[in-house]
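Visitor: One structure is given below, represented as structure tokens, and several questions about it will come after.
The values are calculated or read from the model by the stated rules, or taken from the named source; none is laboratory data. All values reported here derive from a predicted model rather than from experimental measurement. A quick note on method: Cβ atoms are made from the backbone with ideal geometry, for glycine too, and the neighbour counts reach across all protein chains shown. Ligands, DNA and RNA are stripped out before the accessible areas are found, and what is left, the full protein with its side chains, is counted by its heavy atoms. Shrake-Rupley method; radii C 1.70, N 1.55, O 1.52, S 1.80 Å.
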Amino acid sequence: MMRLILLGPPGAGKGTQSERLLGHLRIPHLSTGDMLRAAIAARTPIGMLAEEYMSAGQLVPDPIILDLVGERLDEPDCRAGALFDGFPRTLGQAQALDDYLQSHGRPIDMVIELRVPDEVVIRRLAGRGRDDDRPEVIAERLKGYWAITRPLTDYYSQRGLLEQIDGLGAPDQVFDRILAGLNLRHTATPRRRATG
Ligand code: ADP
């Protein structure tokens, strides 16, 4: 039973590391980016609304995201845990998630911040070729990350949940660092260290 949050700029490797983590932990994957892209492909009302924001590199407004995630969290498989990938991205989302998890007695175990410098992110995304990976859209997404999402690391570090992981290097190397961080937390007593 485990609830993990993966935080990091676009191109930090959240998707890649999620896949590896899910090979180890039997928990559902909650990627809001994937959920939004699925909603767009299915032409649902949420998809139609989200599309404009995403193609401009802007965050989709909290009410839309919270709708999407709230429904997913109510499904029975999420009782066993969850890997949150790309969510929360705003303080409002983080607080809403806390409220939900607290009222259901399901604490967050760890928040992983994948740290990768902007110039590396820009290089990685240029090679990926997703719709929103055009240079001006990447710049907008990065701006939003530093201004709005990155401050969440303070929020979680105050709660003793933050584990900062160097995201440079080969995916397997990064994954080994994540596993080391996970093991540390599982063997540590008391369960939560005071600082990340
Ligand atoms: P990346 O981290 O590479 O940008 P994602 O798939 O996580 O990729 O997100 C793609 C886009 O989807 C974001 O730029 C944003 O527009 C939207 N999005 C995804 N998750 C959220 C979220 N939690 N809050 C607001 N917008 C989101």
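Visitor: Might you report the magnitude of the Cβ-based charge dipole of the chain about its Cα centre, with Lys and Arg at +1 and Asp and Glu at -1, to the nearest 20 debye? Please list the in-between numbers first.
Guide: On the way: 25 positive and 27 negative charges, 119 e Å.
Dipole about the Cα centre, nearest 20: 580 debye.
Visitor: Under the Karplus relation 6.51 cos²θ - 1.76 cosθ + 1.60, θ = phi - 60°, what is the ordered set of whole-Hz ³J(HN,Hα) values for segment 22-34, x standing for Gly and Pro?
Guide: Rounded to whole hertz, the list is 5, x, 9, 10, 7, 9, x, 9, 10, 9, 5, x, 4.
Visitor: Quick one: pull the percent of accessible area on the chain belonging to carbon and sulfur, 1.4 Å probe, ligands and nucleic acids left out.
Guide: Working: 5350 of 9920 Å².
Carbon plus sulfur share of accessible area: 54 percent.
Visitor: Ok, one more. If R₀ is 35 angstrom, what is the calculated FRET efficiency for the pair residue 102 and residue 24, using the beta carbon separation as r and rounding to 0.05?
Guide: Once the sixth-power term is evaluated, E becomes 0.85.
Visitor: If I stretch the segment between residue 75 and residue 140 completely, what's the gain in nm (0.36 nm per residue apart, minus their alpha carbon distance), one decimal?
Guide: Values: separation 65, 0.36 × 65 = 23.40 nm, distance 3.34 nm.
The span from residue 75 to residue 140 would gain 20.1 nm if fully extended.
Visitor: I'd like to compare 98-105, 164-171: which one has the highest average count of other Cβ atoms within 10 Å, and what's the full order after that? The partial results should precede the final answer.
Guide: Details: 98-105: 11.5, 164-171: 15.6.
Ranked by mean Cβ neighbours within 10 Å, highest first: 164-171, 98-105.
Visitor: Right, something else. Over the chain, what is the mean sequence separation of C-alpha contacts under 8 Å (at least six apart), divided by residue count, expressed as relative contact order in percent? Write down the numbers at each step before the final one.
Guide: Numbers: 270 pairs, mean separation 61.1, N = 196.
It rounds to 31 percent for the chain.
Visitor: Over the chain, average the accessible area per residue using a 1.4 Å probe and give it in Å², no decimals.
Guide: I get 51 Å² per residue for the chain.
Visitor: Sort the following peptides by mean Cβ neighbour count (other Cβ atoms within 10 Å, averaged over residues), highest first: 16-22, 84-90, 49-55.
Guide: Numbers: 16-22: 17.7, 84-90: 22.3, 49-55: 16.1.
Per-residue mean Cβ counts within 10 Å order the peptides as 84-90, 16-22, 49-55.
Visitor: Taking the highest mean first, how do the peptides 114-127, 29-42 order by number of other beta carbon atoms within 10 angstrom per residue?
Guide: Values: 114-127: 15.2, 29-42: 17.1.
Going by the mean number of other Cβ atoms within 10 Å, highest first, we get 29-42, 114-127.
Visitor: Using helices alone, what [θ] at 222 nm do you get for the chain, with -39,500 (n - 2.57) per DSSP H run of 4 or more residues, divided over all residues and rounded to the nearest 500? Don't jump to the answer; show the numbers that get you there.
Guide: On the way: 9 runs with 100 residues, N = 196.
Theoretical 222 nm ellipticity from helices: -15500 deg cm²/dmol.
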